[in-house]
Amino acid sequence: MKPYRDFSDFLAEHFAGKVQKIAVNAGFTCPNRDGSKGRGGCSYCNNQSFNPGYCAPTESVGSQLEEGKAFFARKYPDMKYLAYFQAYTNTHSSDIDRLMGLYEEALAVDDVVGLIIGTRPDCMPQELLDRLAALQAWVMVEYGAESSHDPTLEFVNRCHTWADTADAVRRTHDAGIPCGLHLIMGLPGEDEEMMLSTIDRVNELPVDTVKIHQLQLIRGTRMSRDVEEGRYEIPRFTAEEYADLCVKIVRRLRPDIAIERFVSQSPPELLIYPRWNLKNYQFTNLIHNRLRAGS
């Protein structure tokens, strides 16, 4: 028996067979990059650190999905797919018809059975939620919350608040759309108690899934320059210390919320810290072993 509910458990409640996410880049930007809310983006963010190679905005959404399908279908010919609008803020447009056109293009691809839309909690107009709810397809929205602490969000230039997150989650739930949150552990100025209090506040919301990962210091970001110049420090976990924190998170998190992941791995050429030299499954095994041992 697994020691917590994971993302595969969540998907099994919605799909009969195996499904795989395929990331697409639809050419969006962010409101704290283009001046709508701010400039420069989040201080820790280099979007190149999580975009697959096939995921290029010069290609259409449909073409990106076909390339992703070709990669997975060699091994799993009966696989179905979820189009994952991942890069930047995938609801950041005043033209809702254009947004719906991109989502519908994805759903028109053979064997694509649903959408996961990554966005910010301050970029979800009610009209768009209503139109997503009316689609004859499975849709999930994933909000980048990162922290429940407004001073932290301001420090890293998120340009939104925890109140924005709570509002977006509740409206998404009320629309009948599954909802996930993305959280970062180890942001500047946060100690363990603050990180765990974020989990407590997540528990108060109608959240279906969470993605958790360690803060990564990435080349080319404002945070990497600030840390190098000694303007502030960031928490620096060993793999064992971070695994211990994740165990506390699992025990604190509402048990019906599925955990999609605990760590993220940026390309080695971009990553400054942490360099644990562990695969995702190896780190997850550390957590499982601790949970089963009762540590």
Restricting the search to region 79-110, which residues are surrounded by fewer than 15 Cβ atoms within 10 Å (Cβ to Cβ) and acidic (D, E)?
D95, D97, E104, D110
Looking at (1) open to solvent by less than 50 Å² (accessible area, probe 1.4 Å); (2) small (G, A, S); (3) out of contact with any strand residue (DSSP E or B) (no Cβ under 8 Å at 6 or more places or on another chain), find the lone condition where A168 falls short.
(3)
Could you check R254 against (1) within 20 Å of the chain's Cα centre (by Cα); (2) without any contact (Cβ under 8 Å) to a residue 40 or more places away in the chain; (3) surrounded by fewer than 15 Cβ atoms within 10 Å (Cβ to Cβ); (4) farther than 28 Å from G41 by Cβ and say which number it fails?
(2)
Filter region 257-287 for residues that are open to solvent by less than 30 Å² (accessible area, probe 1.4 Å) and in a helix (DSSP H, G or I) and give the result.
F283, I287
Mind checking which pairs have a first residue in region 160-181 that is modelled with pLDDT of 95 or more and assigned to a helix (DSSP H, G or I) and a second that is open to solvent by 10 Å² or more (accessible area, probe 1.4 Å) and among the aromatic types (F, W, Y), Cβ under 9 Å, 6 or more apart or different chains?
none
Matching residues in region 118-159 - criterion: being open to solvent by less than 30 Å² (accessible area, probe 1.4 Å), in a helix (DSSP H, G or I) and touching a residue at least 24 places away in the same chain (Cβ under 8 Å):
L128, L129, L132, T152
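Report yes if Y103 is in contact with a helix residue (DSSP H, G or I) (Cβ under 7 Å, 6 or more places away or on another chain) and of a type in the set (S, T, Y), otherwise no. I'd like the intermediate steps shown before the answer.
On the way: in contact with a helix residue (DSSP H, G or I) (Cβ under 7 Å, 6 or more places away or on another chain): no; of a type in the set (S, T, Y): yes.
For Y103, the condition - in contact with a helix residue (DSSP H, G or I) (Cβ under 7 Å, 6 or more places away or on another chain) and of a type in the set (S, T, Y) - is not met.
The values are calculated or read from the model by the stated rules, or taken from the named source; none is laboratory data. Note that the structure is predicted; figures quoted are calculated from it, not measured. Glycine gets a Cβ as well: all are built from the backbone with ideal geometry, and neighbour counts include every protein chain shown. The area values use the complete protein model at the heavy-atom level, side chains included, leaving out ligands, DNA and RNA. Shrake-Rupley method; radii C 1.70, N 1.55, O 1.52, S 1.80 Å.
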